[in-house]
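Q: I have a structure I would like to understand better, so I am pasting it below and will then ask my questions one at a time.
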Amino acid sequence: GRRVWSLLASTGGVILPTLGMLALAAALEASVMLGDIGSRIAEALPGAGFVVFVAAWLGARGFPKTQGEDAVLPLTAERRAEGRVLAVAMGLVLALQSLQIAVLDPLAYSDATSAVMAFPLLLAGGLVLLRVGRVLRKAVELADRSYTLRLLLVLARGLAVIGIAAPCLAALGYVKAATALIYPSILSVGLITFLFVLQRLIGDIWAIVTKDDEKGRDALVPVLAGFAMTLASLPLFALIWGARASDITELWARFSEGFQFGATRISPTNFMVFALVFVAGYMATRLFQGALRSTILPKTRMDQGGQNALVAGVGYVGVFLAALVAVNAAGLDLSGLAIVAGALSVGIGFGLQNIVSNFISGIILLIERPVSEGDWIEVGGAQGRTPI
């Protein structure tokens, strides 16, 4: 739980300075000493500061000072320090761009003048993206080529190409094209880093629930949650790269209609409700199992084998009830699938006789408990004592 509390406490580095920027902007506005340009700067100042603080926070989470602080990428101390500086630099580029938009009236300047004023910031953004791409490539070189790191290598190469091509386009006069490449790329890097941080947070929370710090992050539930977050972030990436909110809304309306399956219409909302309710029920079952195992059952006179059998039985019943409640909450009418399910169950029953038989035998062993922990047993010519 230490990593979870550390992450939550670190958000104070974003919230408190942002509140300070809001207070500063309010004080400047109340002073009545600002002109038109000063007022526009004061209005844009809290948003610009928030961007810088979030960028610094993401940099600190992605490139911690020590590798033992749960770094996202395997890097040396020098590269991590460079990563933190580059994160702040990306935040400054976005903040200065927002201030530039707030201060400069596009109608008051010609296209050539606007291009000249925008070029230094685009050049700085391109150099920062180029350096970020090199840092990411170093991380890939220092680690095993997993699937995630292969995707990271593609991202690093893409950032390097954009970091070189965009300033060249701006120098040739294609400022809008360079703008459409630089700033969305920086925002995309920030969003990807934020998704990594959320994935780690979910893994840490799951490790607390399952009381398994070593394998909690690599369990199925955190992986599925990360996949769901990635899918949910696709509209954000689309908005970053120029999609309109109306386009996203129209696509979502078509997608949310779902599809007809017999007399039942299944929509993405049904799946989301089912998944959320089932995960909540499963987590409640695991918490109750942990309470039984560590708090309630040790105070009874039940032997260790009986305690394990009861905990396992509660797990089976809890998962079954969670599935039933999830189906009911999602509003799925599965009565039309009864005939198909019956036919499939017959075929599966013939094909999986041994598995079903072993499962039922395991349930019988849990109930009858002919073998307890610590007993000496002989199976297939091998002898040994059951583990305690």
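No value in this document is a laboratory result; all are computed from the given coordinates. Bear in mind that the values here come from a model prediction, so they are computed numbers and not experimental data. A quick note on method: Cβ atoms are made from the backbone with ideal geometry, for glycine too, and the neighbour counts reach across all protein chains shown.
Q: Quick one: what does P(r) look like for segment 157-300 with 10 Å bins over all Cα pairs, in whole %?
A: In whole percents, the pair-distance histogram is 9, 24, 25, 21, 13, 6, 2, 0, 0.
Q: Counting other beta carbons within 10 Å of each residue's own, what order do Met90, Met283, Met229 fall into, fewest first?
A: The most exposed by this proxy come first: Met229, Met283, Met90.
Q: Sticking with this one: Work out how far the C-alpha atoms of segment 237-329 reach from end to end along every principal axis, then list the three figures in whole Å, largest first.
A: 65, 38, 15
Q: With 10 angstrom as the radius, rank Phe196, Phe271 by how many other C-beta atoms surround their C-beta, starting from the fewest.
A: In increasing order of surrounding Cβ atoms, one gets Phe271, Phe196.
Q: Can you work out the FRET efficiency for the pair Ala238 and Asp303, with r the C-beta to C-beta distance and R0 = 41 Å, to the nearest 0.05?
A: The value I calculate is 0.10.
Q: Now, a different point. Using a basic spin-label model with each label point 7 Å from the Cα along Cα→Cβ, how many nm lie between Thr295 and Arg134?
A: 5.5 nm
Q: Hey, what's the Kirkwood Rh for segment 164-204 if you take every pair of different alpha carbons, in angstrom?
A: When all Cα pairs of segment 164-204 are included, the Kirkwood radius is 11.7 Å.
Q: OK, next. How high is the FRET efficiency between Lys65 and Leu8 when r is their beta carbon distance and R₀ equals 22 Å, given to the nearest 0.05?
A: 0.70
Q: Put a dot 7 Å past each Cα toward the Cβ at Val32 and Leu191; how far apart are the dots in nm?
A: Once both label points are built, they end up 4.4 nm from each other.
Q: Viscosity 0.890 mPa s, temperature 25 °C: give me the Stokes-Einstein translational D for segment 2-191 in µm²/s, with Rh taken as the Kirkwood radius over C-alpha pairs.
A: Here the translational diffusion coefficient equals 136 µm²/s.
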